[in-house]
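The values are calculated or read from the model by the stated rules, or taken from the named source; none is laboratory data. Only a predicted model underlies this, so the values are computations on that prediction, with no experimental measurement involved. Note that each Cβ is placed from the backbone with ideal geometry, even for glycine, and that neighbours are counted across all protein chains shown.
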Amino acid sequence: AGEVRFDHVHFGYDPEREILHGVSFTVPAGKTLAIVGPSGAGKSTIARLLFRFYDIQGGRISIDGQDIAAVTQQSLRSTIGIVPQDMVLFNDTVGYNIGYGREGATQEEIEAAARAASIHDFIMGLPQGYDTRVGERGLKLSGGEKQRVAIARTLLKDPPVLVLDEATSALDSRTETEIQDVLRTISRRRTTLVVAHRLSTVVDADEIIVMEKGRIVERGRHADLVRAD
Ligand code: ADP
Ligand code: ADP
């Protein structure tokens with residue numbers, strides 16, 4: 001489950017000023033689509049529309065064939081997990097941060113859920129463990145570790161669809177590579193939409209669409225697009 005489809009989607013934040021001019025793509029269940037292009041091209045807008053933050057002015061957006069206009073926000077939130085650009089963590093332990101959304105989750109419960117969501121290795125990759133505090137004074141986690149915690153929080157809900165919005169852009173290049181390796185592993189069994197600035201960060205995507213000014217100007221696999229450069 002988890003096929004995501006945009007059919008001739010037209011949208012403007014201001015209906016007088018259209019931002020997306022008929023965008024169409026299909027992400028088959030379990031596959032990864034990367035959306036690349038310059039700033040202002042409409043990449044984040046696509047991600048926001050999937051969550052139905054705004055109504056579209058034309059076309060159709062569907063998940064597993066169902067028009068999202070007919071789906072509740074609550075149901076969409078349980079279907080789609082988002083890994084945000086800015087990872088905001090609670091001034092508490094790693095365990096608390098990962099378990100947020102599961103009331104009073106113990107380390108054992110979190111670990112069981114992590115195994116169920118096939119992210120156990122990912123969580124265990126945190127060197128300092130669950131009782132490390134992430135906040136102000138006890139700032140012991142690196143940027144990459146904090147990103148792992150933020151990602152784990154999303155993955156623990158085991159959403160069939162994952163949206164990564166420039167999830168690694170704020171990290172140094174070594175950490176970025178490491179997180180990308182992790183994301184590659186976890187995105188293998190989920191429908192994943194990756195928003196990225198650069199083609200070089202989405203080598204493994206099943207399909208890449210290149211956006212410019214609200215239109216898809218190219219699509220293909222990484223090797224095809226690099227050749228066309
Ligand atoms: P990208 O993610 O590719 O950088 P965005 O989807 O954020 O592009 O933005 C696409 C266009 O929509 C830009 O012209 C941007 O200024 C405009 N835009 C984005 N968010 C809003 C908003 N909340 N209200 C009005 N215009 C917006
Ligand atoms: P991003 O491309 O990462 O979404 P932006 O700098 O485009 O970041 O947008 C930052 C915030 O400002 C977003 O919440 C976006 O919705 C809003 N925004 C962007 N462009 C506009 C705009 N032209 N008018 C109003 N809000 C905007």
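The table that follows gives values for the structure above.
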item	result
Total residues in the stretch 158-188, condition surrounded by fewer than 21 Cβ atoms within 10 Å (Cβ to Cβ) and at pLDDT 75 or above	4
Within the stretch 47-85, tally of residues that are under 23 Å from Asp206 (Cα atoms), within 16 Å of ligand 1 (Cβ to nearest atom) and either at pLDDT below 95 or of a type outside the set (Val, Ile, Thr) (or both)	9
Tally, over the stretch 192-220, of residues that are touching a Ser or Thr at 6+ places or on another chain (Cβ under 8 Å), farther than 12 Å from Val36 by Cβ and in a strand (DSSP E or B)	1
